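No value in this document is a laboratory result; all are computed from the given coordinates. Owing to the predicted nature of the structure, the values given are computational and were not obtained by experimental measurement. Ideal geometry is used to build each Cβ from the backbone, glycine not excepted, and the neighbour counts take in all protein chains shown.
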Amino acid sequence: MIIEICATTIKSVLNANMAGANRIELCSNYLEGGLSPTANLFLHIRSLFYNEIVTMIRPRGGDFCYSDIEFQMMKSEILLFKENGADGIVLGLLNPDGTIDKERTSILVEIARPLPVTFHRAFDMSVDYYKSLEDIIDTGCSRILSSGGALGPDKVKGHAAWAITVVAESKDGCTRHLGHLAGPVQLDPSHQH
């Protein structure tokens, strides 16, 4: 079993390591939902953490609809982290109507190759989970990170059960295409970090 922990600081990486994490998702500004880490933070953590590091690519907080300049920044960040030892990329792009931005996501997945790409919780903000799941598979993403959808964790009892339901009800057996459909395990809100 792979244990992945979100980390935003050197201290959180050291704590993740002591907790037995096999993989960390490195980001900054957790309060904004996770943004791209700085190159400096990534390089320092890469030198301290020898297990897998998947790196968030998100230039700003707010929605998941990015301008042309932000999209160029995302492409540059993927190359930077890929060339400096990232083991995977985490990203998510939506169109203004709440559908998956397949075109841009596909471009970013191609830039990241051969690294695996996880489509993050932008999925939860999409308007149609089943169509979004199909679209994400079409882009080449290998994983989806979900917190239980736009219903929110307070209204969804058991993230894993919700995720399994989405996969089970998808029309063409998406389980054979995606490595994981995962959500955070959080039984007690006081253990968020």
Margin query: Below 8 Å, C-alpha to C-alpha, sequence gap of six or more: please give me the relative contact order for region 1-131 in percent.
Written below: 19
Check: Between Asp68 and Leu43, 0.36 nm times their residue separation minus their Cα-Cα distance comes to what?
Finding: 6.3 nm
Check: Taking only C-alpha pairs under 8 Å that are 6+ residues apart, what is the relative contact order of region 36-92 in percent?
Finding: 49
Next item on the list: Using amide H atoms built 1.01 Å from N in the peptide plane, name the residues 5+ places from Tyr66, or on other chains, whose amide H lies under 5 Å from its own.
Entry: Leu94
Item checked: Spatial extent of region 9-117: Rg and Dmax, with the Cα atoms as the point set, Å -> 13.9, 42
Checklist line | Neighbour cut-off at most 14 other Cβ (10 Å), DSSP loop, trypsin sites (Lys or Arg not before Pro), region 19-112 | finding: Arg60
Next item on the list: Give the peptides 4-17, 119-132, 31-44 in descending order of average Cβ contacts within 10 Å, highest first.
Entry: 119-132, 4-17, 31-44
Notebook entry, point to check: At q = 0.14, 0.20, 0.29 Å⁻¹, what is the log10 ratio I(q)/I(0) for region 91-147, with the Debye formula run over Cα points and no solvent?
Noted result: -0.29, -0.60, -1.26
Next item on the list: Starting from the amide H of Ile5, placed 1.01 Å from N in the peptide plane, find each other amide H under 5 Å away whose residue is 5 or more places distant or on another chain.
Entry: Arg23, Ile24, Glu25
